[in-house]
1. Tell me, yes or no, whether the stretch 150-173 has at least one residue that is within 27 Å of ASP48 (Cβ to Cβ) and either more than 14 Å from the chain's Cα centre (by Cα) or among the polar types (S, T, N, Q) (or both).
2. Can you tell me which residue is surrounded by the fewest Cβ atoms within 10 Å (Cβ to Cβ) among those in the stretch 112-139 that are modelled with pLDDT of 95 or more and assigned to a strand (DSSP E or B)?
3. Filter the helices (runs of 4 or more DSSP H) completely within the stretch 153-196 down to those with at least 1 residues that are over 20 Å from LEU132 (Cβ atoms).
4. What number of residues in the stretch 41-54 are touching a helix residue (DSSP H, G or I) at 6+ places or on another chain (Cβ under 6 Å) and open to solvent by less than 10 Å² (accessible area, probe 1.4 Å)?
5. Can you find a residue that is open to solvent by less than 60 Å² (accessible area, probe 1.4 Å) and within 16 Å of the chain's Cα centre (by Cα) anywhere in the stretch 55-74?
6. Given the criterion surrounded by 10 or more Cβ atoms within 10 Å (Cβ to Cβ) and either closer than 19 Å to ILE9 by Cα or acidic (Asp, Glu) (or both), identify the matching residue among VAL170, VAL188, VAL164, VAL202.
7. Name the single residue, out of those in the stretch 173-185 being touching a residue at least 24 places away in the same chain (Cβ under 8 Å) and under 30 Å from GLU120 (Cβ atoms), that is least open to solvent (accessible area, probe 1.4 Å).
8. Taking only the stretch 116-138 into account, find how many residues are over 21 Å from ALA31 (Cα atoms) and touching a residue at least 12 places away in the same chain (Cβ under 8 Å).
Amino acid sequence: AAEPEPRLIAHRGGVVDDELIENSAPALEEAIARGYWMVEVDIQESKDGRLVVHHDKNFARYYGDKHTVGELTWDEIRQLRSEPGGSSPLSFEEYAELCKGRIRVMLDTKPPAHGPKFYENMLAALQENDLLSTAYVIGTDESKNHFLDKARVGIDIEGLEAAVDAGENVSQRYFLFMHGNQLTEEIVRRAMELDVPVVPSVNI
């Protein structure tokens with residue numbers, strides 16, 4: 001059989017450079033334009049329970065505001081403007097709509113813990129935009145537990161072997177998610193034997 005072609009996943013919401021900021025609409029559009037297979041997106045919760053696409057704990061980088069995501073309401077967050085680009089943060093609903101029919105999503109939910117409504121809203125946005133069945137999930141254990149059997153969930157080799165021992169349907173439930181420098185040929189072969197996709201993360 002032919003070796004599977006590698007596919008690229010854009011980190012932090014798209015193609016990020018000196019002009020395109022993390023988790024922004026322009027960064028996402030650039031990832032789509034360059035033919036990325038999937039985009040990893042960071043999701044947090046505003047003071048009033050809205051899903052906000054943002055990586056850092058606060059808005060100091062890019063937006064010059066030291067408040068955390070959870071300290072501001074959605075209306076307050078919408079007033080922020082980035083440097084560079086002059087864009088405001090996106091809601092997850094807006095981000096998902098931009099992805100619909102164009103690119104898959106990897107969901108990285110950030111601490112602290114979230115209530116059921118947070119996940120209900122995320123699920124609704126994914127379903128509405130036909131993104132749930134192809135989504136990959138990383139982030140907190142809480143998030144991964146919530147999405148188990150709804151989308152593929154990231155797992156390391158130890159967790160994968162434990163799931164095999166427990167008789168789980170690993171090829172449907174999981175993808176192997178480890179830093180690229182931790183992966184060995186043996187680990188990759190084992191995942192492929194189990195029909196589990198392998199996603200090496202490369203953070204530089």
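The values are calculated or read from the model by the stated rules, or taken from the named source; none is laboratory data. Keep in mind it's a predicted model, so treat the numbers as computed, not measured. Neighbour counts run over all protein chains shown; Cβ positions are idealised from the backbone, glycine included. The area values use the complete protein model at the heavy-atom level, side chains included, leaving out ligands, DNA and RNA. Shrake-Rupley method; radii C 1.70, N 1.55, O 1.52, S 1.80 Å.
1. Keep residues of the stretch 150-173 that are within 27 Å of ASP48 (Cβ to Cβ), which gives 150-151.
Cutting the leftovers down to either more than 14 Å from the chain's Cα centre (by Cα) or among the polar types (S, T, N, Q) (or both) gives us 150.
Taking every residue of the stretch 150-173 in turn, at least one turns out to be within 27 Å of ASP48 (Cβ to Cβ) and either more than 14 Å from the chain's Cα centre (by Cα) or among the polar types (S, T, N, Q) (or both).
2. It comes out as ILE138.
3. On the way: elements: 157-165, 170-173, 185-193.
Passing ranges, in order: 157-165, 185-193.
4. 6
5. Filtering the stretch 55-74 for residues open to solvent by less than 60 Å² (accessible area, probe 1.4 Å) gives 55-56, 58-60, 62-63, 65, 68-70, 72-74.
From the residues that got through so far, the ones that are within 16 Å of the chain's Cα centre (by Cα) too are 55-56.
Yes, the stretch 55-74 has at least one match.
6. On the way: VAL170 fails: either closer than 19 Å to ILE9 by Cα or acidic (Asp, Glu) (or both); VAL164 fails: either closer than 19 Å to ILE9 by Cα or acidic (Asp, Glu) (or both); VAL202 fails: surrounded by 10 or more Cβ atoms within 10 Å (Cβ to Cβ).
Of the residues listed, the single one that is surrounded by 10 or more Cβ atoms within 10 Å (Cβ to Cβ) and either closer than 19 Å to ILE9 by Cα or acidic (Asp, Glu) (or both) is VAL188.
7. Among those that are touching a residue at least 24 places away in the same chain (Cβ under 8 Å) and under 30 Å from GLU120 (Cβ atoms), it is PHE175.
8. Pass one, the stretch 116-138, residues over 21 Å from ALA31 (Cα atoms): 116-124, 127-128.
Those left that are additionally touching a residue at least 12 places away in the same chain (Cβ under 8 Å): 117-119, 121-123, 128.
Counting residues in the stretch 116-138 that are over 21 Å from ALA31 (Cα atoms) and touching a residue at least 12 places away in the same chain (Cβ under 8 Å) gives 7.
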